Amino acid sequence: MNPTITSIGILTSGGDAPGMNAAIRAIVRTAIYFDIKVFGIKHGYHGLIHNQIERMRSHDVAAIIQRGGTILKTARSKEFMTDEGMQIAYNNIKNQGIDALVVIGGDGSFRGATEFAKKFGIHIVGLPGTIDNDIYGTDVTIGYDTALNTIIDAVDKIRDTASSHDRMFFIEVMGRDAGFLTLRAGIACGAEAILIPEVDSDINKFIEFLENGFRRKKSSNIILVAEGEKAGGAFEVVKKLQPYLTGYDVRVSILGHIQRGGSPTAYDRYIATKMGTEAVKALLQGNTGIMIGIQNDKTIYVPLEKAIKIHKTIDTSELEIINIMNV
Ligand code: ATP
């Protein structure tokens, strides 16, 4: 036990992700279990600067494990990227007697946390919370599994209408500049093809397929397009492919923000609870500047510097599975 940690603050930052509430609950209850005071900071770093800090008790996190979004709210804060903003944030947490922070968010939030820790020596642990799964050092991020299930549910429904009308659907999937959601959802919903930013030649290969009469006789074709696809989103891709799409009845669907919401899956609740508990234990053992990751179902400690700097690569060999499934 590190006797210097007597009080922990929690914040969620960047995009919200299902399972963040399960993580908040786990952190609050683990802190209480170890007799540590715990504070919730509303609206991420914005709330740190504007003193939106409140003590949390066990009942404050009752019945939230199943709720999407984040009860602490989230925000992006330009002010926190300035020396003045950070100084105010530090003064606020010192006034509350908070000596450590658990930051749940993406790589941007971790960059902010690392700067803050360097400047003021505050202890920090990060939890990867993003549907995009684009954080190095962890097999999965909180929210990814729920978003995948939401995508599959939506695509299955689109498949029903696509096959009734013999249509080809280009469906845009979230993920920012990464294709994790698109690749895995593509395999799980039986997509005929996917386009992801990690593979440059994707669109050219797809043009070749179209020129060769790509599954013209199939009753439906589902093409998943990652929002970060280099050719642009689904509408841009269809525009570029227009000359090759004659003879296909084409529709575009943007899945949008439904991918961010909803009740977290069992798996997201499980990893969020496991990571949240580990975050508090890690702080109490004197750790700082780390992210809690999951590898092979075990929690691991990843230096935040690595989680920020190293690019998480996608297993492009899995693309072959999609081709094989479409013989
Ligand atoms: P998502 O993956 O969902 O977009 P994220 O955590 O990457 O989540 P960002 O918008 O990149 O989201 O970052 C969240 C916040 O972290 C920013 O609004 C800003 O307040 C803070 N932040 C990011 N980079 C820095 C930095 N270099 N210094 C200080 N603060 C930063």
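The values are calculated or read from the model by the stated rules, or taken from the named source; none is laboratory data. It should be emphasised that the depicted structure is a prediction, and the values quoted were computed from it without experimental measurement. Every residue, glycine among them, receives a Cβ derived from its backbone with ideal geometry; neighbour counts consider all protein chains shown. Surface accessibility is based on the protein's heavy atoms, side chains included, excluding ligands, DNA and RNA. Shrake-Rupley method; radii C 1.70, N 1.55, O 1.52, S 1.80 Å.
Using a probe of 1.4 Å on the protein chains alone, the accessible area found for Leu183 is around 10 Å². Taking all protein chains into account, the per residue accessible area for segment 145-260 stands at 45 Å² (1.4 Å probe). Ellipsoid fit via the Cα gyration tensor, segment 265-327: semi-axes of 32, 17, 7 Å, each the root of five times an eigenvalue, largest first. Potential lengthening of the chain between Asp177 and Asp249 amounts to 23.1 nm, from the contour at 0.36 nm per residue minus the alpha-carbon distance. To the nearest 0.05, how large is the calculated FRET efficiency for Asn204 and Asn326 if R₀ is 22 Å and r is the Cβ-Cβ distance? Efficiency, rounded to the nearest 0.05: 0.80.
For the options Lys239, Lys274, Lys306, a Gaussian network treatment of the chain with springs between C-alpha atoms closer than 10 Å singles out Lys239 as fluctuating the most. Proximity of backbone amide H atoms, modeled 1.01 Å from N, is registered between Glu172 and Val225, Ser253, Ile254, Leu255 at under 5 Å, excluding neighbours fewer than 5 places apart on the same chain. Placing unit charges on the Cβ atoms of the charged side chains and taking the dipole of segment 145-260 about its Cα centre, the candidate lying farthest along the positive direction among Thr150, Leu245, Leu195 is Leu245. Over the chain, Cα pairs under 8 Å with separation of 6+ residues give a relative contact order of 24 percent. Straight-line cross-link partners of Lys217 among the aspartates and glutamates, defined as a Cα under 19 Å from its Cα and at least 8 positions apart when in the same chain: Asp160, Asp166, Glu192, Glu208, Asp249. Annotation for Arg215 and Asp139: the two label points, set 7 Å from Cα along the Cα-Cβ direction, are 2.9 nm apart.
Global dimensions of segment 68-120 from alpha-carbon coordinates: Rg and Dmax equal 11.5, 33 Å. With contacts taken as Cα pairs under 8 Å and at least 6 residues apart, segment 145-260 reaches a relative contact order of 40 percent.
Amide H contacts for Met291 (H built 1.01 Å from N in the peptide plane; partners 5 or more residues away or on another chain; cut-off under 5 Å): Gly126, Val302, Leu304.
When the alpha carbon coordinates of segment 209-252 are projected onto the principal axes, the ranges are 30, 19, 16 Å, largest first.
Using the Cα coordinates of segment 215-302, the gyration tensor eigenvalues translate into equivalent-ellipsoid semi-axes of 44, 15, 12 Å, sorted from longest to shortest. Name the long-range amide H neighbours of Phe39: under 5 Å, sequence gap of 5 or more, or other chain; modelled H, no Pro or chain starts. Answer set, sorted by chain and number: Ile8, Gly9, Ile10, Met56. Within the chain, the whole DSSP H helices whose Cα atoms reach 30 Å or more along their own axis and whose mean Kyte-Doolittle score is at least -1.0 are 144-165. Remark: the chain carries a charge dipole of roughly 780 debye about the Cα centre, counting +1 on each Lys and Arg Cβ and -1 on each Asp and Glu Cβ. Kindly provide log₁₀ I(q)/I(0) values, in the same order as q = 0.11, 0.15 Å⁻¹, from the Debye equation applied to equal alpha-carbon scatterers of segment 145-260. Treating every Cα as an identical point scatterer, log10 I(q)/I(0) equals -0.30, -0.57. Taking every DSSP bridge with both residues inside the chain, close to 20 percent are antiparallel. Temperature 10 °C, viscosity 1.306 mPa s: under these conditions the Stokes-Einstein estimate for the chain, based on its Kirkwood radius over C-alpha pairs, is 76 µm² per second.
Dipole size of segment 219-327 about its Cα centre, with +1 on Lys/Arg Cβ and -1 on Asp/Glu Cβ: approximately 320 debye, rounded to the nearest 20.
Taking the Cα centre of segment 1-58 as origin and assigning +1 to Lys and Arg Cβ atoms and -1 to Asp and Glu Cβ atoms, the resulting dipole is close to 140 debye. Expressed as a whole percent, the accessible surface of segment 75-207 that belongs to carbon and sulfur atoms is 47, based on a 1.4 Å probe. Each Cα pair under 8 Å and six or more residues apart adds its sequence gap; the mean of these over the residue count of segment 184-327 is a relative contact order of 24 percent.
Structure note, pairs Lys37/Lys119; Lys157/Lys205; Lys42/Lys78; Lys94/Lys274: Cα-Cα distances above 19 angstrom occur for Lys37/Lys119; Lys157/Lys205; Lys94/Lys274. Treating each Cα of segment 62-191 as one equal point scatterer and applying the Debye formula with no solvent, the log10 of I(q)/I(0) at q = 0.10, 0.21, 0.22 Å⁻¹ comes out as -0.47, -1.24, -1.30.
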